[in-house]
Amino acid sequence: MFEIKQLAKRPFHMNKTDDKYLLSNISAEVVRGEWISLLGASGQGKSTLLRMFSLLHSPDEGDMLLEGISFRNQHPRFWRKQICYVAQQAVMLTGTVEDNLKVPSQLHQLTYDSQLAKRLLAAAKLSDVDLKKDARELSGGQMQRIALIRSLMLRPTVLLLDEVTSSLDVTNTLAIEELLKDWHRNEGTIMIGITHDLKQAERVSTRTWFLAEGTILEDAPAKQFFISPSTEAASQFIISGQAEVLAT
Amino acid sequence: MTLFTLSFTLLFVFATMMISYWQKLGLEKEIAIGTIRSAVQLLLIGYVLQYVFQTENYVILVVIICVMIGVASWNAAKRGGGMHGVVWRIAISISVMEVLMMGMLLGLHLIKATPQYIIPLSGMTIGNAMVVAGLFMNQLKREAVSSRGEIEALLSLGASAQQALHQVRKRIVKFSMIPTIDGMKTVGLVQLPGMMTGMIVAGASPVEAVRYQILIVFSFTGSAAITSILLSVLCYKLVFTKDLQVVVFQDS
Ligand SMILES: Nc1ncnc2c1ncn2[C@@H]1O[C@H](COP(=O)(O)OP(=O)(O)OP(=O)(O)O)[C@@H](O)[C@H]1O
Ligand SMILES: [Mg+2]
């Protein structure tokens with residue numbers, strides 16, 4: 001179980017005495033097998049929240065516990081190994097595609113599961129990619145999928161997905177959704193994913209968090225959220241989201 | 001050469017200042033200060049060295065080397081502005097380098113254990129180490145910005161500080177050693193090094209002068225490598241916060 005208690009973060013550039021918050025009052029309990037879609041307008045702090053979950057930013061107040069252990073009582077590297085953030089901007093590390101996939105096992109002195117890598121590559125429609133190719137020469141969409149697989153190889157307890165299908169076409173997006181659904185079913189990984197694609201959120205998630213006014217304004221089961229959101233802000237958000245889909 | 005004849009070289013300085021004035025480069029003041037400082041510093045050290053060589057006083061020898069290391073560290077540390085505790089890290093790196101280099105040169109009887117050899121050689125290797133350390137600190141800061149994505153990607157996968165900075169560190173060490181290695185490749189072809197020129201002018205045979213120059217060049221490479229690697233060990237944690245995040249350096 002992943003517990004978040006009254007988490008708060010102050011704005012990036014300001015003195016500590018000011019009493020404003022970028023994010024505040026973030027509380028939730030997430031159990032194994034849940035898949036949360038984190039929704040909200042651009043610039044609301046969705047990425048910041050996920051990055052805070054994996055300690056890439058330090059919370060200024062509040063606590064987070066994984067299986068009852070606070071992040072304060074654990075070395076950040078072990079925390080991050082369990083709560084893994086997949087970045088909005090995929091970054092390839094020096095070396096080949098295969099080198100990149102091997103990074104998690106190297107970092108933690110584990111054996112590299114080449115079968116698993118192969119299976120995931122196939123599921124992500126990347127079987128054609130030459131594993132010996134320099135990873136930095138891949139296309140944006142390929143990098144994004146490799147970065148996702150690289151994080152899966154870590155087998156984290158909580159997976160934080162920051163718009164991981166943002167540079168993919170429809171076919172590949174659906175393939176990645178299937179891959180993640182499979183993974184979710186088999187591993188029971190807690191998924192918390194940001195997306196601007198409301199249809200995708202409806203397809204994959206069991207629960208939604210609507211981020212507005214610097215907090216999780218609405219926390220509801222996915223089905224309920226899309227049918228009858230309880231706040232005006234959220235229904236506005238859903239309506240404008242649907243209008244966007246119709247416009248394209 | 002008398003001081004009187006030496007003073008004619010000031011003509012070069014005046015010429016430069018005239019050009020600066022004429023071209024509105026605004027360098028006159030800097031040149032004047034630089035001229036006075038270099039003249040005073042060099043004349044002073046000349047007298048100090050003469051005294052030390054005559055008395056063979058080893059306490060003064062050690063003091064001189066410590067001053068050299070101190071000045072070099074302080075100067076190089078300015079390149080890492082915004083980072084804390086840089087000066088003593090550089091000082092340790094250069095000191096260890098100095099002890100190792102001198103230990104080797106003296107142990108293998110490459111030079112005699114007199115101030116006449118120890119001071120000039122120390123000065124040159126410490127000077128070179130200063131340049132290396134300055135480049136290292138400057139590049140460390142730049143990499144913390146430009147390679148932020150790479151470092152964070154590794155941290156997200158549960159890397160330790162050392163693991164997350166491994167590649168970056170290799171790049172910085174390499175970068176800081178490039179001028180030394182380039183200098184080694186072109187020495188004698190592009191420029192005749194100052195020490196060798198000085199020895200030849202003072203009457204030593206070119207072959208003798210070259211031998212010492214080779215010693216210097218090799219010492220430079222060794223000192224650059226030792227300084228840079230020690231610094232990378234001592235300094236890599238400076239780009240991380242206590243929560244193992246990449247430090248954001250404010251542009252000064
Ligand atoms: N490293 C940073 N330094 C300074 N400000 C930052 C930093 N990261 C984010 N911010 C600011 O924090 C706010 C929230 O940013 P965040 O990236 O979390 O938004 P988001 O909800 O993920 O938006 P998007 O949907 O566009 O990705 C923004 O105003 C942004 O400018
Ligand atoms: Mg974002």
| task | Starting from one equal scatterer on each C-alpha and no solvent at all, send me the Debye-based log10 I(q)/I(0) for the protein assembly as shown at q = 0.11 Å⁻¹, two decimals. | result | -0.96
| remark: The long-range amide H neighbours of A:ASP162, using H built 1.01 Å from N in the peptide plane and a cut-off of under 5 Å, are A:VAL86, A:ILE194
| remark: Rounded to the nearest 10 Å², the accessible area of B:ILE33 using a 1.4 Å probe with every protein chain kept is 90 Å²
| query | In whole percent, how big is the carbon plus sulfur part of the accessible area of the range A:134-225, probe 1.4 Å, protein atoms only? | reply | 47 percent
| query | Do any trypsin sites (Lys or Arg not before Pro) in the range A:127-236 lie in a loop, going by DSSP, with at most 16 other beta-carbon atoms within 10 Å of their beta carbon, and if so which? | reply | A:LYS132, A:LYS133
| Per residue accessible area of the range B:1-55, 1.4 Å probe, in Å² | 89 Å²
| task | Please compute P(r) over all alpha-carbon pairs of the range A:2-247, binned at 5 Å starting from zero, and give each bin as a whole-number percent. | result | 1, 6, 13, 17, 19, 16, 13, 9, 4, 1, 0
| query | So how far, in whole Å, is the C-alpha centre of the range A:149-208 from the one of the range B:181-252? | reply | 51 Å
| said: As a test, work out the antiparallel percent of DSSP beta bridges whose residues both lie in the protein assembly as shown, rounded to the nearest 5. | reply: 55 percent
| message | Before I look further, what does the range A:104-228 give for accessible area per residue, probe 1.4 Å, in whole square angstrom? | response | 46 Å²
| field | Loop-exposed trypsin sites (Lys or Arg not before Pro) per DSSP, neighbour cap 16 Cβ within 10 angstrom, longest uninterrupted part of chain B | value | B:113-241
| C-alpha center-to-center spacing [the range B:1-47, the range A:15-79] in angstrom | 61 Å
| note | For chain B, averaging the sequence separation of alpha carbon pairs under 8 Å that lie six or more residues apart and dividing by its residue count, the contact order in percent is 23 percent
| query | Longest segment of chain A with no chymotrypsin sites (Phe, Trp or Tyr not before Pro) in a DSSP loop having at most 15 other Cβ atoms within 10 Å? | reply | A:113-248
| said: Under the rule of at least 5 residues apart or a separate chain, name every residue whose amide H is placed under 5 Å from the amide H of A:THR208. | reply: A:SER37, A:ALA220, A:ALA222
| query | How much accessible area is lost when chains A and B come together, counting both sides, with a 1.4 Å probe, in Å² rounded to the nearest 100? | reply | 1700 Å²
| request: May I ask you to list the GluC sites (Glu not before Pro) in the range B:16-67 that are in a DSSP loop and have at most 12 other Cβ atoms within 10 Å of their Cβ? | output: B:GLU56
| Share of antiparallel DSSP beta bridges in the range A:2-247, in percent to the nearest 5? | 55 percent
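The values are calculated or read from the model by the stated rules, or taken from the named source; none is laboratory data. Please read all numbers here as calculations on a predicted model, not as lab measurements. All Cβ positions, glycine included, derive from the backbone under ideal geometry; neighbour counts span all protein chains shown. What goes into the accessible areas is simple: the full protein's heavy atoms, side chains included, and nothing from ligands, DNA or RNA. Shrake-Rupley method; radii C 1.70, N 1.55, O 1.52, S 1.80 Å.
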